[in-house]
Amino acid sequence: MQTAAPLLEVEGLEVEFRTRQGIARVLDGVTLSLKPGQTLGIVGESGCGKSMTALSIMRLVPTPPGRIGAGAVRLKGENLLQASEARMREVRGKDISMIFQEPMTSLNPVYSIGDQIAETVRLHERLSRRASLERAVNMLKAVHIPAAERRVREFPHQMSGGMRQRVMIAMALACRPSVLIADEPTTALDVTVQAQVFDLLKEMQEKTGTAIILISHDMGAIAEMADRVIVMYAGRVVEEAATDEILESPKHPYTRGLIACVPHMEEQPPPERGALTEIPGVVPSLAALGAGCSFAPRCSHADDLCRRQAPQPFTVGTDRRTACWLYDEPGAP
Amino acid sequence: MTGTRTPGGGADYLLEVQDLKVHFRLPRRNILTSGGTVHAVDGISYSVRRGSTFGIVGESGSGKTTAALAAMRLAHVTQGSIRLDGVEMTTLDGDSLREMRRKIQIVFQDPYSSLNPRMRAGAIVREPMDLMDVGATGERDGRVADLFHRVGLRPEQAGLFPHQFSGGQRQRVGVARALATQPELIVCDEPVSALDVAIQAQILNLLRELQHEFGLTYLFISHDLGVVQYICDDIAVMYLGEIVEQSDRVSLFSLPLHPYTWALISAVPSARRRTGDRDSRVRLQGDPPNPIDPPPGCRFAPRCPFAVDQCRHEKPTLREVREGHLVSCHLVGSDGVPPYAAAGDAS
């Protein structure tokens, strides 16, 4: 997997939104790469650009007010930002598909789930109605929905939240896409159901070899699912590394804070509890970002340089990057 | 079920709930059928020590929020007894109920919908004092300023409207409002689950500081086991309207007895416990069943990987199997050995 050519490459992606407060740069030089069969986690607080990165890859940024200003999104070498709208309709659902946080609102309430899964297949593979419905049944079986032949005729409101998310996964994978983007797929679900959905995603990934981009605010979920992680803050990638590395030795002060501030469930809880580590302050408004590092106002290491100039990502060790002046020189902390 | 809960003998309980039931009647679908009854809370008993934090955990539909609202008499109590500071709450009404309610306040989950968007933050915090007639009228604005300061807001922010605050700040306003009547018990209903993780830590730290400073007692509702383990002293696990296990925080997590608790704990993805022990986890099939028609016998039996015939027919009772550790499961022996421990030995 280390040597495989990247399947999806995002380079220097910039997205701006026109707001009443001025131009907000919601993505600022986002760069990432995804290899076949890999799971890449994107983690960060709300408003840091996780979902916007996903929408930009799919070219679903609402325009206006949004605008993709610069950068490239290359799928198997093809720059999607220059593709025609007709080409993008082919790509969406066929090469890259997406599942969302709230399965109820992303399913159409007036069509049976079978029709909704079959629609994808019919459009992209030009199968007959009967053949596409058959595929829908098979997909429902693959995601372990009991009595699939009967369920295929049911409507979203007849299913539980966990069941609906299984339907979403079945729909997303029906055309065997090479990339699946899962945007907070379990946030609306109970923890025991979340565990089932994660198991299912892993199982389907093993079967179909699809690469996954998992967007989450939960470092635990990322730890469980992802091979590599990028941490985003205020529209920028502040750290990228293998999951184990980032959990064992987070470099960027924001990543360190993000891991430390969550009360972890321990199997042997310590009898004494100290105060939780806080990240002081709040995420800044994107329309009012200065020239310096956007995390500087909340960072205990910030100095003049941080406030004056935003750091570029520095390479640390062999295969990780972090955008923090602390790592300017090799051998820094 | 009574009598099991007197560990430590003279422990001082602020809130004592006995055999509480909250049932909701559903409207009938047509004139021939009855509508059915939701057994949202079905015979739970718990006691909250003064100055401690009692946690109720469970998945959606487990009845944890209803159990807390009923303790405030904000949900209709079908049966049972609720004693706050020794006073029976279920029989109070009118002014006496209002007076008791001064001692209980609540912090809601969603800081966006729980603050009136047309009121200024200062008026929101002041309102409970006016309604409950707490303190002299002339001193209330000063007290609002003190409360703002105490929860980490600037007193001049009292003039702002809720939409001018961030989510974390709004929750601070919610906490200040809860403190306004100088309550003894604060019900915290998922107070951090709508907040970003970095902000969660700020609010949890604030709640702990306030508890030490004012000797507050918390009834803390959450589905997040990491948060519960951090903030709660005693914890009850609810499933379909019933308490299936109850214990202090250390023994609940280090030795979970009920298969549901075990499954709940092993379902939590953790940044500390990486891959490897995935196979040893208990995975539940399906979703929690509907509280309208709870299954006979043990309510967890249909999803329980260890269920035997007895579980499907005979209802287990909550009993103390270790000191201060109560469980409702047929399979846990009187020696307090959980079923999955035996299953692990056999394989």
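The values are calculated or read from the model by the stated rules, or taken from the named source; none is laboratory data. Computed from a prediction, not measured in an experiment: that's the story for all the values here. Cβ atoms come from the backbone with ideal geometry, glycine included; neighbour counts cover every protein chain shown. We work out accessible area using only protein heavy atoms, side chains counted, and drop any ligands, DNA or RNA first. Shrake-Rupley method; radii C 1.70, N 1.55, O 1.52, S 1.80 Å.
So, counting K/R as plus one and D/E as minus one, what does the shell of residues with Cβ under 15 Å around residue A:146 add up to?
Neighbourhood net charge equals +4.
Ranked highest first by average number of other Cβ atoms within 10 Å, how do B:316-325, A:25-34 line up?
Per-residue mean Cβ counts within 10 Å order the peptides as A:25-34, B:316-325.
Amide H neighbours of residue A:285 under 5 Å, at least 5 residues apart or on other chains, H built in the peptide plane: list them.
Distant-sequence amide H within range of residue A:285: zero hits.
Can you list the residues in the stretch A:230-263 whose accessible area drops by at least 50 Å² when all protein chains are present, compared with the chain alone? Use a 1.4 Å probe, heavy atoms only.
A:263
Identify all lysines with a Cα-Cα distance to residue A:50 below 23 Å; exclude those on the same chain that are fewer than 8 residues away in sequence.
Excluding near neighbours in sequence, the set is A:35, A:76, A:94, A:202, A:251.
From the backbone phi of the stretch B:290-297, what are the Karplus-calculated ³J(HN,Hα) couplings (6.51 cos²θ - 1.76 cosθ + 1.60, θ = phi - 60°) in whole Hz, Gly and Pro given as x?
Working through the residues one at a time gives 6, x, 6, 10, x, x, x, x Hz.
Shielding of A:58-65 by partners, i.e. mean partner chain Cβ atoms within 10 Å per residue?
0
So, for chain B, what is the accessible surface per residue at a probe of 1.4 Å, expressed in square angstrom?
Heavy-atom accessible area per residue stands at 42 Å².
On the full set of protein chains, 1.4 Å probe, figure out the accessible area of residue A:283 and give it in Å² to the nearest 10.
Spelled out: residue A:283, probe radius 1.4 Å, area about 40 Å².
Kindly express, to the nearest 10 degrees and within the range 0 to 90, the angle between helix A:129-142's C-alpha long axis and the longest C-alpha principal axis of chain A.
With both axes taken from Cα atoms, the answer is about 50 degrees.
Per-residue HN-Hα couplings for the stretch A:96-113, Karplus 6.51 cos²θ - 1.76 cosθ + 1.60 at θ = phi - 60°, whole Hz, x for Gly and Pro?
Rounded to whole hertz, the list is 10, 10, 9, 10, 10, 5, 10, x, 5, 7, 9, 9, 7, x, 9, 10, 5, 5.
Cα to Cα, under 25 Å, and not fewer than 8 places away if on the same chain: which lysines meet these conditions relative to residue B:21?
Leaving aside lysines fewer than 8 places away in the same chain, those within reach of residue B:21 are B:64, B:103, B:315.
Which whole-number percent is the relative contact order of the stretch A:61-184 (Cα, under 8 Å, 6+ apart)?
35
For chain B, give the magnitude of the charge dipole about the Cα centre (Cβ charges: +1 Lys/Arg, -1 Asp/Glu; no others), in debye to the nearest 20.
740
Please report, as a whole percent, how much of the solvent-accessible surface of the stretch A:125-233 comes from carbon and sulfur atoms (probe radius 1.4 Å).
49
Given the protein chains as shown and a 1.4 Å probe, how many square angstrom of residue B:196 are accessible, to the nearest 10?
That residue has around 30 Å² of solvent-accessible surface.
Keeping every protein chain present and rolling a 1.4 Å probe, give me the accessible area per residue for chain A in Å².
44
Just the number, please: buried accessible area between B and A, total of both chains, 1.4 angstrom probe, nearest 100 square angstrom.
Result for this pair: about 4100 Å² buried.
Determine the residues within the stretch B:279-308 where the difference in accessible area between the chain on its own and the full set of protein chains amounts to at least 30 Å²; count protein heavy atoms only and use a 1.4 Å probe.
When all protein chains are present, B:283, B:284, B:287 each give up 30 Å² or more of accessible surface.
Protein chains only, probe 1.4 Å: how do B:112, B:46 rank by accessible area, largest first?
B:112, B:46
Roughly what angle does helix A:191-208 make with the longest principal axis of chain A, taking Cα atoms, 0 to 90 degrees, to the nearest 10?
Helix A:191-208 sits at roughly 70 degrees to that axis.
Between A:116, A:279, A:52, whose Cα lies farthest towards the positive end of the dipole of chain A when Lys and Arg beta carbons carry +1 and Asp and Glu beta carbons carry -1, centred on the Cα centre?
The one lying farthest along the dipole's positive direction is A:116.
Provide the per-residue ³J(HN,Hα) series for the stretch B:84-98, in order, calculated from phi with Karplus coefficients 6.51, -1.76, 1.60 and θ = phi - 60°, each as a whole number of Hz, with x at glycine and proline positions.
Listing the rounded values in order: 10, 6, x, 9, 6, 7, 5, 9, 6, 8, x, 5, 5, 5, 4 Hz.
Roughly how tilted is helix B:140-150, in degrees to the nearest 10 and between 0 and 90, from the longest Cα axis of chain B?
For helix B:140-150, the angle is close to 50 degrees.
Given only helices, namely DSSP H runs of n ≥ 4 each adding -39500 (n - 2.57), what is the per-residue ellipticity at 222 nm of chain B, to the nearest 500 deg cm²/dmol?
Rounded to the nearest 500, the figure is -8500 deg cm²/dmol.
Ranked from highest to lowest mean number of other Cβ atoms within 10 Å per residue, what is the order of the peptides A:182-192, A:297-307, A:110-120?
Answer by packing, highest mean first, reads A:182-192, A:110-120, A:297-307.
Using a 10 Å cut-off around each Cβ of peptide B:200-207, what is the average number of partner chain Cβ atoms that fall inside?
5
Once you average over the residues of A:268-274, how many Cβ atoms of partner chains fall within 10 Å of each Cβ?
Across the residues of A:268-274, the mean count of other-chain Cβ atoms within 10 Å is 4.
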